[in-house]
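A.B. asks: One structure, as structure tokens, below. Some questions next.
Laboratory data are not the source of any read-out in this text; all were calculated from the coordinates shown. Not measured: the values here are computed from a predicted model. Neighbour counts run over all protein chains shown; Cβ positions are idealised from the backbone, glycine included.
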Amino acid sequence: MNWSWLITLVCPLMMIIMMFGMRGGHGHGMHSRRQPKVEELQQELNELKEQNEKMRADINSITS
């Protein structure tokens, strides 16, 4: 008897069960995290803008 069809059915079913199990465990941690303040986000944005400008300058110096 060929049981290869059983493996093709079991794999997706196990994946669905695992995904539902993981979903339940991750939902609780998200609500307890602290939301960043606007000032922190603005500071991070400014730092990223500075890094972006530095990378642009580096690329321009390499290509020219």
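A.B. asks: In whole Hz and in residue order, list the ³J(HN,Hα) couplings for segment 55-64 that follow from phi through the Karplus curve 6.51 cos²θ - 1.76 cosθ + 1.60, θ = phi - 60°; x for Gly and Pro.
C.D. replies: Values per residue, Gly and Pro as x: 5, 4, 5, 4, 5, 5, 6, 6, 7, 9 Hz.
A.B. asks: Describe numerically, in nm with one decimal, the distance between label points set 7 Å from Cα along Cα→Cβ at Lys37 and at Asp58.
C.D. replies: 3.1 nm
A.B. asks: Work out how much length Gln51 to Met19 would gain on full extension: take 0.36 nm times their residue separation and subtract the Cα-Cα distance, in nm to one decimal.
C.D. replies: Stretched out fully, the Gln51 to Met19 stretch lengthens by 7.8 nm.
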